[in-house]
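Trainee: First the structure, which I've put down as structure tokens, then a few questions once you've had a look.
Laboratory data are not the source of any read-out in this text; all were calculated from the coordinates shown. Nothing here was measured: the structure is a model prediction, and the numbers come from that model. Because the Cβ atoms are built from the backbone with ideal geometry, glycine has one as well, and the counts that use them run over all protein chains shown.
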Amino acid sequence: MINNFKDLKIWQKGMDLTKNVYVATSRFPIEERYGLISQIRRAAVSIPSNIAEGHSRKTSKDFKQFIAIAKGSLSELETQILISSQLNFVSDKEFKIIYENIKELEKMIASFYGKLQ
């Protein structure tokens, strides 16, 4: 049994992804501050935040709900990073790193969700 959400691999991976997103979006055009930058960062922050909040809940059912919300935020982030790539706001290298992080975390979350009772 994991007693602290910080010990969860999916939370750790979510934190790494969030850091990568913040670094990448720091180079977006300034006029996107209240557009894509804000949206992308909120989606990224939502992932580890919901994992942490879910872990603190009393039941597995509640935890599963928060994991599902984190998965939804991950899908939102994937869409936004694809848009950013199409608009050439991220380099190919940054896109590849973030996109691979998203896909890896997607698999980890799906597996974790399936293991919750």
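Trainee: Could you work out, for the chain, what percent of all Cα-Cα pairs fall into each 5 Å distance bin, beginning at 0 Å and stopping at the bin that holds the largest distance?
Mentor: For the chain, the binned pair fractions read 2, 12, 24, 23, 16, 11, 7, 4, 1, 0 percent.
Trainee: Report the residue, chosen from LEU82, LEU17, LEU105, that carries the largest GNM mean-square fluctuation when the chain is represented by alpha-carbon nodes joined by springs under 10 Å.
Mentor: The residue that fluctuates most here is LEU82.
Trainee: Counting only C-alpha contacts under 8 Å and six or more residues apart, can you give the relative contact order of the chain as a whole percent?
Mentor: The value is 31 percent.
Trainee: To the nearest 10 degrees, how steeply does helix 92-115 sit against the main Cα axis of the chain, on a 0 to 90 scale?
Mentor: The angle comes out near 20 degrees.
Trainee: Can you give me the angle between helix 9-25 and the longest principal axis of the chain, using Cα atoms only, in degrees from 0 to 90, rounded to the nearest 10?
Mentor: 10
Trainee: Something else about it: Per DSSP H run of at least 4 residues, take -39500 (n - 2.57); add these up for the chain, divide by its residues and hand me the 222 nm value, nearest 500 deg cm²/dmol.
Mentor: Computed ellipticity for the chain at 222 nm equals -26000 deg cm²/dmol.
Trainee: Test of understanding: extend the Cα→C-beta vector of SER56 to 7 Å, then name every residue of the range 77-117 with backbone N under 20 Å from that spot.
Mentor: None, by backbone N distance to the label point.
Trainee: Specify the angular offset, from 0 to 90 degrees and rounded to the nearest 10, of the alpha carbon long axis of helix 60-86 from the longest principal axis of the alpha carbons in the chain.
Mentor: 10
Trainee: Given the pairs LYS6/LYS58; LYS19/LYS61; LYS58/LYS103; LYS61/LYS103, which are separated by over 19 angstrom at their Cα positions?
Mentor: Over 19 Å apart, Cα to Cα: LYS19/LYS61; LYS58/LYS103; LYS61/LYS103.
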